[in-house]
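Written below as C-alpha cells is the structure these notes are about.
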Amino acid sequence: MTDDLIEKGAAASLVTPKLLAVGGALARRFTAKYVVEFDRVHPTLHSPCWNWFAARSDGYGTYCVAGVMVKAHRHAYEALRGPVPAGLELDHLCRNRACVNPDHLEPVSKRENVLRGEGPTAINARKTHCAKAGHPLTDDNVRIQRGTNSRTCIACAKERSRAWYLGHRGSGAAAPALT
C-alpha cells in the first residue's frame, strides 16, 4: 500500500510494534494505535490479538491514509501480506473486530464470511432441525419463503394448517393453501 511500511510478505508473526516503527512515519502512526494483548492469545491461532484502540466504526478500527479513511485491519493485511484478492473480504478468524493482526485475517467470499459469523443468518444456517418439533431441516422438508428467504419446516407447516382447518371446520372460513 505504501513504501513507508515494511516490505510485503514479511511474516506478521515476527512483526512487533518495535519492528514496524522502523518502517517510517506512517508505520509509527499505525503501531501507536493498537495494543498487542499477550494475555489474550487465540487458542487455535496461537498468536495474540492486536487490539485497535483508536477510532472505530461498528467495532472495526479506522485509520486515515493520505486523507482517506480505511479499515485498519485491511490496511495492516495489505501492508504485510499484499492486496486482498478481488471479490473477497477479510474474515476475522479470532471473531474480534478490533483485531488488526494479519495472522488472524483470511480473505474469503462475503457468503463464507457471513456464514462463519455469529449473526442470525449464520446461526440459522447451522440449524439442522426445526425448533418446534425437531423435524430434520433437509431439502425435502424445507420451503424457502419468498421475499424473506427464510426457511420453513414443511412438516410443521402442514401440522399448523391441519390444526387450523380442524379448529375452523364448519365456520365457513377457508383453510390456508399449502404450497
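State whether the residues of region 142-153 include one that is loosely packed, with under 15 Cβ neighbours inside 10 Å and under 27 Å from Trp52 (Cα atoms). Within region 142-153, not a single residue is loosely packed, with under 15 Cβ neighbours inside 10 Å and under 27 Å from Trp52 (Cα atoms). Thr31 passes every criterion in (1) touching a Ser or Thr at 6+ places or on another chain (Cβ under 8 Å); (2) closer than 15 Å to Asn101 by Cβ; (3) crowded, with 18+ Cβ neighbours inside 10 Å apart from (1). Residues that are of a type in the set (A, V, I, L, M) and in contact with a helix residue (DSSP H, G or I) (Cβ under 9 Å, 6 or more places away or on another chain) within region 77-107 comprise Ala79, Leu80, Val84, Leu88, Leu90, Leu93, Ala98, Val100, Leu105, listed in sequence order.
Each reported figure results from applying straightforward, stated rules to the coordinates on display, with no laboratory input. Since this is a predicted model, take the numbers as computed values, not measurements. Glycine also receives a Cβ, built like all others from the backbone with ideal geometry; neighbour counts cover every protein chain displayed.
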